[in-house]
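Only one structure is covered here, and it is reproduced in the block below.
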Amino acid sequence: MMRKNYFNYSISWRSKNYRYGNHLSSKIGNDFEYSGSKNFNDHPDLSSIDIKNSITDPYENIFVKTFNLNNPINLVALCDISSSMFAMKENNSTIKLLAKMIASSAVEHGDMFSMVCYNDAIKNNLFLEPGNNIHNINQWVDELVFSDTRATSENLLDIVQKVPNEKSLIFWISDFHHSYEHIDTMIEQLSNHHVIPIHLSTEQEIKRLPNYGFTNFMDSEMNVEREIFLRPKVKDKLLRDYKEAKEKIFHIFAKNQLMQLELDNGIDMNVIQQYFMRAVI
């Protein structure tokens, strides 16, 4: 039996896209869901004359029936490819698998998919314009090479220029080893969209560290990478600090009415689908 590679989702807002899709639109047209009657002067469509309302109107106005259009939305994979993301080697494949899963879900629901990658700046060579050809999308994602990974910049003001203008679902894929101010700024930049933070947890990676030896770690407060010598007390402190930082990040998202999706052990479709059953989008 083939494993399903997409998740189901629905949105509570009306799409403003001009293409045909599966979500209710903010526009009036001639689709299937009856919206009401409009004056012919406001919506001149001879094929949709509302005979009943027209002949019973005391002012002899002519009315037409209007229906809600179904339009697509954009799903955007916003991927953090800064150096801390690749402390866990499996994150390379995890990012690609998540991107392909989001793309498959978009196409399955008649929506569009695009991808934006960043570290110290937006990576134009790792930017995919909105589209819905799943074969081309998967091929493009498979060929991605995440080289030149650097620390995350605090000045990513051009991110909004790379996402669609109309309200979209933004899947922000990151370990969130950013300063808290940076996370707040990113959320503010993307306030016109619905952001789904996908937190790739590094807790298991910390637990797998040796009890003794040198290692590098990302200081989320200072947004710098540091080299330290490990010993049991230091390792325990790293784990405590990580859990405290994770709690703070959770509260930042909650403050902004965003529900994060945390992935601890790779991609679990059941965890992802349960998220969309609980989340209000």
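The values are calculated or read from the model by the stated rules, or taken from the named source; none is laboratory data. None of the values given here were measured: they were computed from a predicted structure. With ideal geometry, Cβ positions are generated from the backbone for all residues, glycine too; neighbour counts draw on all protein chains shown.
To keep it simple, each residue is scored yes or no on (1) modelled with pLDDT of 90 or more; (2) under 26 Å from Met112 (Cβ atoms); (3) surrounded by fewer than 16 Cβ atoms within 10 Å (Cβ to Cβ).
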| position | (1), (2), (3) |
| --- | --- |
| Trp140 | yes, yes, no |
| Glu143 | yes, yes, yes |
| Leu156 | no, yes, no |
| Gln161 | no, yes, yes |
| Lys167 | yes, yes, no |
| Ile170 | yes, yes, no |
| Ile173 | yes, yes, no |
| Glu181 | no, no, yes |
key: Test for Ser105: is it among the hydroxyl-bearing types (Ser, Thr, Tyr), buried (at least 20 other Cβ atoms within 10 Å of the Cβ) and assigned to a helix (DSSP H, G or I)   = yes
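Every residue, every condition in (1) exposed (fewer than 15 other Cβ atoms within 10 Å of the Cβ); (2) not charged (D, E, K, R), yes or no:
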site	(1), (2)
Asp236	yes, no
Leu239	yes, yes
Tyr242	no, yes
Lys246	no, no
His251	yes, yes
Lys255	yes, no
Met269	yes, yes
Tyr275	no, yes
Ile281	yes, yes
